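First up is the structure itself, then whatever we jot down about it.
The values are calculated or read from the model by the stated rules, or taken from the named source; none is laboratory data. All values reported here derive from a predicted model rather than from experimental measurement. Here the Cβ is made from the backbone with ideal geometry for all residues, glycine too, and neighbour counts use every protein chain on show. With ligands, DNA and RNA removed, areas are computed over all heavy atoms of the protein, side chains included. Shrake-Rupley method; radii C 1.70, N 1.55, O 1.52, S 1.80 Å.
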Amino acid sequence: MNIVFDASADAYAVIAYPVAKDELASLNLPLESGKVVIDGAKAARFEGGAGEVFDIFVSEGGKTLRVALVGTGAQSRTDLERAGGQLVAKYQRSGVVSLAVDMGLGALGGNREGASQFLFGATLRSWSHDHYRTKLPAKQKVSLAEIGVVGGPAGLGAVWSDQAAIAEGVAFTRDLVTEPANVIYPESFVERCRHLESLGVEITVLGQEEMEKLGMGALLGVAQGSVRPPRLIAMRWNGTGDAHAKPVVLVGKGVTFDTGGISIKPAAGMEDMKWDMGGAGAVAGTMKALAGRKAKTHVVGICGLVENMPDGNAQRPGDVVTSMSGQTIEVINTDAEGRLVLCDALHWAQENYEPEYIVDLATLTGAIIISLADQHAGLFSNDDGLAEKLTAAGKLAGDPLWRFPLSSAYDKMIDSPIADMKNVGAKGGGSITAAQFLQRFIKPGVKWAHLDIAGMVWADKPGPVWDKGATGYGVRLLDQWIADNFEN
């Protein structure tokens, strides 16, 4: 979405006015037909609720003008993002090419942070992925390409530049998650991230030979059934000016397609497993957001990238693998592969960067969807302070989290009679035992959190700031957490 500041309303055939909850009665529209618009809105029971949109055609200066009122509710951050998002949803495929938003009226006038959040929601909702739809009817194609800001608060452009960078990070994640597995696989995922180097991100890539030398038997065991070779990518952004600053480390599960391996998944719905790299996608998008807004922080994003396939060389149930940490794992179920990828990536991250904080993201378990549906991601942590800060950041950013327990009782469920551990526990507590597995690879003193985002990376219906499909979950959360706690 192209955002134009200091725009002239006369250049647009559609103009929208943000209206707060119950602000309609006092609204003074700068239009000859302002009373007609307001009377029409009252008749349509428009009340300014967050995301409400009322539109009408009026005669203005001898021309027909389309006027919209968009509700901003109580003008909270969530309300304003929803308002911008729903305005775009209304016109995105309507044939309207551009529209103006008058931000000089009412409660939003003078509120540059609020105006920026409105534009942020609009930009997030404008993302679409129609690349492969070659016969899409003209009436269904995206038409809206520009929003002109009329009368915006002073300094809005400067505030918006940071929000725009975050929106670009979310869009990058959505692109990665949406692409089919014949387009995004370990090698091509790495190549898609190469453009981050132009933003100042340092990229390190490990191939299969390097990982073999390091003893990453858990990650490599998942990859051995695929003709696609595995990769591990580390993306480093240091905006502190201090080469010795200790980084925050983010680790993402990047299973670019998950058949389940020999423990093969049911055929119905398996096509969804192209987004089993949603954790890695979120890490890559976060790195783009941080670099794009030149965040004054030091962050390393690491993605373990594999494809889980069931060929004649595939890992078998009952195999025992040795992780990079030296701990051995009995593979009970080859469809519990994400934790095998993550355990080696987590260990490598700690060995190389010695972080105080490490957060991993993964579409790890179906059990978390049973627990939380598509309303929250699961949060597991060995540190209460870290858990509280992540939860607060998720609430503020619109990527909600819900904390689950960890304990020795759950940990015992993954003890193996022939190895140090097994990769699945009993039937109950599947998300918890998966987190307990990962915790065994966290070094003493490291503050760690695991986010199980399986229910959040893909939406079966449109939301306030996303369409049906990839949501980009995790980018806003991580960016907010880092901004609140680790920026100079």
* To do: Select from the stretch 343-361 the residues that are surrounded by fewer than 24 Cβ atoms within 10 Å (Cβ to Cβ) and either part of a loop (DSSP other than H, G, I, E, B) or among the aliphatic types (A, V, I, L, M) (or both) and list them in ascending order.
  => GLU354, PRO355, GLU356
* Go through the residues of the stretch 297-309 one by one and say whether even a single one is over 22 Å from VAL251 (Cβ atoms) and either open to solvent by less than 10 Å² (accessible area, probe 1.4 Å) or under 20 Å from the mean Cα position of the chain (by Cα) (or both). => no
* Please work out which residue is least open to solvent (accessible area, probe 1.4 Å), limiting yourself to the stretch 150-187 and to residues that are among the aliphatic types (A, V, I, L, M) and modelled with pLDDT under 95. => LEU156
* Structure fact -> The condition from (1) touching a residue at least 40 places away in the same chain (Cβ under 8 Å); (2) over 19 Å from ASN28 (Cβ atoms) that GLY110 misses is numbered (2)
* Structure fact -> Those residues of the stretch 256-303 which are part of a loop (DSSP other than H, G, I, E, B) and more than 22 Å from THR334 (Cα to Cα) amount to ARG293, LYS294, ALA295, LYS296, THR297
* Residue match in the stretch 213-233 (condition: hydroxyl-bearing (Ser, Thr, Tyr), in contact with a strand residue (DSSP E or B) (Cβ under 7 Å, 6 or more places away or on another chain), open to solvent by 40 Å² or more (accessible area, probe 1.4 Å) and over 23 Å from ILE369 (Cα atoms)) -> no
* Structure fact -> ALA349: passes all of (1) in contact with a Ser or Thr (Cβ under 9 Å, 6 or more places away or on another chain); (2) farther than 22 Å from ALA470 by Cβ; (3) in contact (Cβ under 8 Å) with a residue 60 or more places away in the chain but (1)
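Rundown of residues vs (1) assigned to a strand (DSSP E or B); (2) more than 38 Å from the chain's Cα centre (by Cα), yes/no style:
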{"residue": "ASP22", "(1), (2)": "no, no"}
{"residue": "LEU31", "(1), (2)": "no, yes"}
{"residue": "LYS35", "(1), (2)": "no, yes"}
{"residue": "LYS42", "(1), (2)": "no, no"}
{"residue": "GLU47", "(1), (2)": "no, no"}
{"residue": "ASP55", "(1), (2)": "yes, no"}
{"residue": "SER59", "(1), (2)": "yes, yes"}
{"residue": "GLY71", "(1), (2)": "yes, no"}
{"residue": "ARG82", "(1), (2)": "no, no"}
* Asked: What are the residues in the stretch 124-145 that are in contact (Cβ under 8 Å) with a residue 60 or more places away in the chain and exposed (fewer than 15 other Cβ atoms within 10 Å of the Cβ), if any?
  -> ALA145
